[in-house]
1. Take K36 and decide whether it is surrounded by fewer than 14 Cβ atoms within 10 Å (Cβ to Cβ) and modelled with pLDDT under 90.
2. State whether the residues of the stretch 274-283 include one that is at pLDDT 95 or above and of a type in the set (V, I, T).
3. Could you tell me whether the stretch 276-285 includes any residue that is among the small types (G, A, S) and either under 18 Å from S204 (Cβ atoms) or assigned to a strand (DSSP E or B) (or both)?
4. Checking T217 against (1) in contact with a helix residue (DSSP H, G or I) (Cβ under 8 Å, 6 or more places away or on another chain); (2) buried (at least 16 other Cβ atoms within 10 Å of the Cβ); (3) closer than 19 Å to K197 by Cβ, only one condition comes out false. Which one?
5. Can we say Y297 is touching a residue at least 60 places away in the same chain (Cβ under 8 Å) and surrounded by 12 or more Cβ atoms within 10 Å (Cβ to Cβ)?
6. Looking at the stretch 220-271, which of the residues that are closer than 17 Å to Y200 by Cβ and of a type in the set (F, W, Y) is modelled with the lowest pLDDT?
7. Out of R259, R292, which single residue is within 18 Å of N220 (Cβ to Cβ) and not small (G, A, S)?
8. Condition check: assigned to a helix (DSSP H, G or I), of a type in the set (F, W, Y) and modelled with pLDDT of 90 or more. Does Y78 satisfy that?
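The values are calculated or read from the model by the stated rules, or taken from the named source; none is laboratory data. Everything numeric in this text was worked out from a predicted model, so none of it was measured. Positions of Cβ are backbone-derived with ideal geometry, glycine not excepted, and every protein chain shown enters the neighbour counts.
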Amino acid sequence: MQQNNHYLLLGLANNASSDEIKNAYRTLAKKYHPDKNPGNKAAEEYFKEIQQAYTVLSNPEKRKKYDLRFTYGSSSSYKQNTASTGRPYTGNAYQYAQQNAQDKKRPYASAQQKRPTKKQDNSEGFQIIVSIGIALILLYFIISYSTDSPKQNSTHLPTTEIKKTEQPAIREFESPYSGFFGEEISDNQSKNCINIKTSYECESVVCLVQNQQPFKTIRNQYMNRGSEFKMNEIPDGEYYLKVYFGTDWDTTKLFLNNRSIRGGFKNEIGFVELNTGNDVFKMKQEQAGTGRSFSSYEIAISHAKNDKVKTITAKDFFK
């Protein structure tokens, strides 16, 4: 499976600073967020790729490992494309750039096609057949030796380890439980928002719930360790949070024998409710002079117990 070039996805050179990575991510995430592109699957997929790129490049350790194992295009090729189009790469442009990069890597194939075919006499043909036979015999012994003596093979025949890049079980900021809670609700005219930060101790699924009838869960967001997400375009009303904490996401896990509730943490830490009672989020927009005011909150969530955290069950979470 071909791995995305995270730098090209964010429209950056490979020596971009942390601030440049953060600013590029925020600009693209705001443009391609599913809340701003309802029903647009292409925008949704591109948004997921942007999130994955930011998750890697914003983490110094992950970025270092990524740079070591991924050979990406030069910054000059990116600048050339930007100059011609007037804007950073989109998903289609990225695929186009990848295709060009692959075509440039095949000069040998083109040379072979243009090379005239030489006629061989019978003696040359016989020598070729003998050479192939010897090569096959040697290959058989090499494979057998490698299988029977892996330790000796690693000592006498050094090899380069190739690490397979696996797709994550769940991408950051996905909405895993929309199949149960229903499509997420937003107001594209609203500037109400909540900026959510998570601790580095565990992963979480954060749900925004109405504090009045019909008490519907209007958002559900997966967040990785130590991540930050701005939940935008929240309709007017009162809301609280319910959070599912854990580690190691399992796509096959089911809750309450309900097939529409698929996916969960292998290592569960628990379910909680936050900002209930007098601490609910009160979202309201109103005219303020010549402008318009709106509600904005910031919250850091953690599974650590305190007086404002209420422990709930899985049944309470999925109601």
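1. Values: surrounded by fewer than 14 Cβ atoms within 10 Å (Cβ to Cβ): no; modelled with pLDDT under 90: yes.
No: the conditions fail for K36.
2. Scanning the stretch 274-283 turns up at least one residue that is at pLDDT 95 or above and of a type in the set (V, I, T).
3. Restricting attention to the stretch 276-285, the residues satisfying the condition of being among the small types (G, A, S) are 277.
Right, trim to either under 18 Å from S204 (Cβ atoms) or assigned to a strand (DSSP E or B) (or both) and you get none.
Within the stretch 276-285, not a single residue is among the small types (G, A, S) and either under 18 Å from S204 (Cβ atoms) or assigned to a strand (DSSP E or B) (or both).
4. Only one criterion in (1) in contact with a helix residue (DSSP H, G or I) (Cβ under 8 Å, 6 or more places away or on another chain); (2) buried (at least 16 other Cβ atoms within 10 Å of the Cβ); (3) closer than 19 Å to K197 by Cβ is unmet by T217, namely (3).
5. So Y297 passes the test.
6. Taking the stretch 220-271 as the starting set, the residues that turn out to be closer than 17 Å to Y200 by Cβ are 222-229, 243, 245-249, 265, 267, 269.
Retained after the next criterion (residues that are of a type in the set (F, W, Y)): 222, 229, 245, 249, 265.
Details: Y222: 95, F229: 92, F245: 96, W249: 95, F265: 96.
The selected residue is F229.
7. None of the others qualify; the one that does is R259.
8. No, not satisfied.
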